Amino acid sequence: MAIFEKRTANKVLIDDTESLSCVIENWFNTNGHTEFVIRVQRGPFSDKTWRVQKRYNDFVKLHSALQTSGIHLPLPPKKIVGNMDPKFIAERQQALQKYLNIIVMNPILVSSLPARSFIDPANYCQPFREIALQHVSLALRGEVGWEVVSPLTEIGWRLRKHYYHVRCKNIQSKEELWAGWIDYGPDKHLDDKDMHAIFKSISQIQHPYIYPIEMCLCTDVGALVIRTSHKNGSLRDVLYGVKPKQSFMKKYGNPKGHKPLEISQIALYGRQILEALKFLNEKGLPYGHLHTGNIIIDNDRVKLLDIENGIIGVPSFYRPYFMQHKKIHSLQAIDVYCFGHTLYEMTFGSPLHESVVEHLPGECNPILRSVLESILSPEACKSGIPTIDDLLKHAFFANIKPTMMLSSDKIHLKIPTSTKEQIKKIIIMVEDRLKDEQKMVRSQKRLVKVQEMMSSEEEKKKQRSKMKQEHKLAKEKMRQKTIEENEKVNGASGSGSDRAESVNSTSTNTSIGTSTPPSVSGVTSASAPLPPPPPPPPNGISTLPVVTTNGNSQPDDRSALLTSICGFNKSSLRKTKVK
């Protein structure tokens with residue numbers, strides 16, 4: 001038996017709706033090819049983790065199987081030469097990681113058997129079709145007149161539900177009879193006795209908004225339910241304009257058309273769905289499986305399918321979404337939440353791929369907008385969504401009078417009292433499992449948030465340390481630059497002071513009455529003799545111009561002084577009389 005494919009009381013414990021995450025951790029070369037090591041995790045906790053090794057050719061096979069969906073998938077191209085180069089392999093690893101991320105984030109692709117068997121071969125590489133056909137044959141062996149004509153393609157999203165075209169000699173009908181076989185799920189808690197009793201009751205159910213059942217029976221491992229086929233298929237088939245008998249991936253992977261319903265149709269069908277949900281809740285029969293694929297529109301009447309799913313214990317289509325909201329923890333709240341998603345898809349012609357809707361498109365009818373916001377807005381999912389009775393009183397549905405129910409319509413569902421008590425118990429068990437898993441999801445979210453905060457603090461510390469280091473280096477560069485500039489300035493000022501000192505050494509005697517003229521620019525008297533000094537004036541007062549110099553005198557000043565001294569003519573002196 002596979003790792004997670006364990007059975008307790010003849011039921012499958014694995015939940016096919018749990019999210020999967022894939023990370024390509026490493027790669028290695030073996031036997032001339034490269035294998036990538038992929039770590040796969042189921043759900044939020046790491047205790048459900050395993051690793052698979054895949055070659056590039058395995059990705060090519062998966063890509064070929066997923067092409068029927070019509071969804072563009074960016075598989076990196078094949079390379080013959082140089083495909084063993086480490087740099088190329090690293091680039092291919094990144095491209096394959098993006099490829100896997102797109103698959104696991106798409107609800108259509110990740111729920112397909114090719115994708116599941118690729119990332120979880122231990123649980124999904126079994127011959128599901130052959131095993132299911134054996135169970136169907138054994139179940140019909142004791143029923144007189146029933147036989148299997150042919151298997152149908154995977155028209156539904158469940159991997160463990162298979163459809164067959166069957167025939168009964170005792171039923172003369174022009175419409176085909178479709179049989180659906182499904183294994184018991186993790187929420188199946190009734191014993192065989194109560195299971196047979198409830199199946200006998202629902203086989204006789206009568207309600208104008210519930211699709212009739214031709215025959216249903218249960219075994220120790222699953223259930224078989226037979227209904228007449230409908231030429232137009234489900235409401236989802238009508239919205240997307242696809243053929244009912246096509247495979248689920250081909251029909252809904254990338255549909256060409258989206259045909260939203262008229263506002264009057266949405267109000268009418270919505271009111272009918274609420275009436276059917278109210279009937280099931282009052283009878284104590286758990287449902288929780290409302291979506292557009294489980295709705296048939298027949299002569300402007302809604303008819304719900306798969307009302308037996310709650311008893312069988314299989315997970316809900318929208319379970320990954322309402323798992324995120326702790327206020328949605330009862331079966332009635334689940335029905336209302338699923339109704340909100342169904343209403344959204346009828347309004348806009350395409351499903352809502354998020355657990356809540358932040359902003360509705362502007363063209364939405366104001367009254368209908370209030371209904372959707374009361375169920376699918378983030379505030380509603382945090383504070384609490386309305387009940388079925390609250391919605392029936394809403395103005396959008398209250399104006400639709402239940403005149404569509406004719407007097408000839410019969411309403412009937414009788415469940416034995418003892419079985420009712422058992423159903424109440426299993427409802428409590430189902431809700432308890434949901435609450436426990438919601439606590440686990442919240443705990444994991446808090447853990448991830450703390451880890452992000454811690455990593456953020458570490459990142460901030462690294463950034464601060466990096467900034468300090470950069471500031472220190474910049475400061476050191478500035479100091480070094482200042483030192484170099486000072487050295488250049490000091491070198492230049494040193495040579496200038498040498499020349500000034502040379503000038504000063506020969507010019508300190510330049511004053512009134514001096515007998516020796518100063519030398520200029522380092523020219524000494526030995527190398528450049530000067531003319532003899534003039535005799536002193538009679539009165540002893542010299543008329544030479546007094547020129548003072550200092551170390552900062554410029555070369556032009558010294559030249560002017562030298563020229564003045566050399567060009568001195570004593571004959572130009574005038575005699576003065578002493579009084």
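Could you pull out the pairs from Lys393/Lys439; Lys382/Lys435; Lys200/Lys245; Lys54/Lys98 whose alpha carbons sit more than 21 Å apart here? Before the final figure, lay out each step's value.
Working: Lys393/Lys439 33 Å; Lys382/Lys435 15 Å; Lys200/Lys245 29 Å; Lys54/Lys98 15 Å.
Beyond 21 Å between Cα atoms: Lys393/Lys439; Lys200/Lys245.
Specify which residue in the list Pro386, Ser374, Pro416 is farthest towards the positive end of the charge dipole of segment 349-433, using unit charges on the beta carbon of Lys, Arg (+1) and Asp, Glu (-1), about the Cα centre.
Pro416
When you count, for each residue, the other Cβ atoms within 10 Å and take the mean per peptide, how do 253-259, 80-86 rank with the highest first?
Values: 253-259: 12.6, 80-86: 9.6.
The densest-packed peptide leads the list: 253-259, 80-86.
Highest mean first, what order results for 385-394, 68-77 on Cβ atoms within 10 Å? Intermediate values should be presented prior to the final figure.
Numbers: 385-394: 17.3, 68-77: 14.3.
Highest mean packing first, the order is 385-394, 68-77.
Let me know the charge dipole size of segment 6-108 about its Cα centre in debye, to the nearest 20, where only the beta-carbon of Lys, Arg (+1) and Asp, Glu (-1) is charged.
On the way: 15 positive and 9 negative charges, 37 e Å.
It works out to roughly 180 debye.
If you place +1 on the Cβ of every Lys and Arg and -1 on the Cβ of every Asp and Glu, how big does the dipole about the Cα centre of segment 112-163 come out, in debye to the nearest 20? Let's see the in-between values first.
Numbers: 6 positive and 5 negative charges, 31 e Å.
In debye, rounded to 20, segment 112-163 gives about 140.
Where the centroid of each part is defined by its Cα atoms, how far is segment 300-368 from segment 146-211 in Å?
23
Could you tell me the calculated FRET efficiency between Ala95 and Asp298, based on Cβ-Cβ distance and R0 = 45 angstrom, to the nearest 0.05?
On the way: r = 48 Å, r/R0 = 1.07.
E between Ala95 and Asp298, to the nearest 0.05, is 0.40.
Treating only the Cβ atoms of Lys and Arg (+1) and Asp and Glu (-1) as charged, compute the dipole magnitude of segment 119-278 about its Cα centre; round to the nearest 20 debye. Mind dumping the intermediate values first?
On the way: 22 positive and 17 negative charges, 139 e Å.
Dipole about the Cα centre, nearest 20: 660 debye.
Would you mind classifying segment 45-91 by shape? Square roots of the alpha carbon gyration tensor eigenvalues, ordered a ≥ b ≥ c; an a/c under 1.5 is rounded, otherwise it is prolate if a/b is larger than b/c and oblate if not.
Details: a/c = 2.34, a/b = 1.12, b/c = 2.09.
Oblate, since a/c reaches 1.5 and b/c is not below a/b.
Label point 7 Å out from His165 along Cα-to-Cβ: which residues of segment 177-191 have amide N under 13 Å?
Inside the label zone: 177-179.
Using the Cα centre of segment 199-347 as origin and beta-carbon charges of +1 (Lys, Arg) and -1 (Asp, Glu), tell me which of Pro208, Phe279, Ile296 is placed farthest towards the positive end of the dipole.
The Cα lying farthest towards the positive end belongs to Ile296.
I need the peptides 431-441, 479-489 ranked by packing, meaning the mean over residues of other C-beta atoms within 10 angstrom, with the highest value on top. Intermediate values should be presented prior to the final figure.
Numbers: 431-441: 15.0, 479-489: 10.0.
Per-residue mean Cβ counts within 10 Å order the peptides as 431-441, 479-489.
Specify which residue in the list Trp178, Tyr124, Asn106 is farthest towards the positive end of the charge dipole of segment 99-203, using unit charges on the beta carbon of Lys, Arg (+1) and Asp, Glu (-1), about the Cα centre.
So the residue we want is Trp178.
Where a number appears in this text, it was derived from the coordinates with a stated rule and is not lab data. All of these numbers come straight from a predicted model, not from anything done at the bench. Neighbour counts are summed over all protein chains in view; Cβ atoms, including those assigned to glycine, are modelled from backbone coordinates with ideal geometry.
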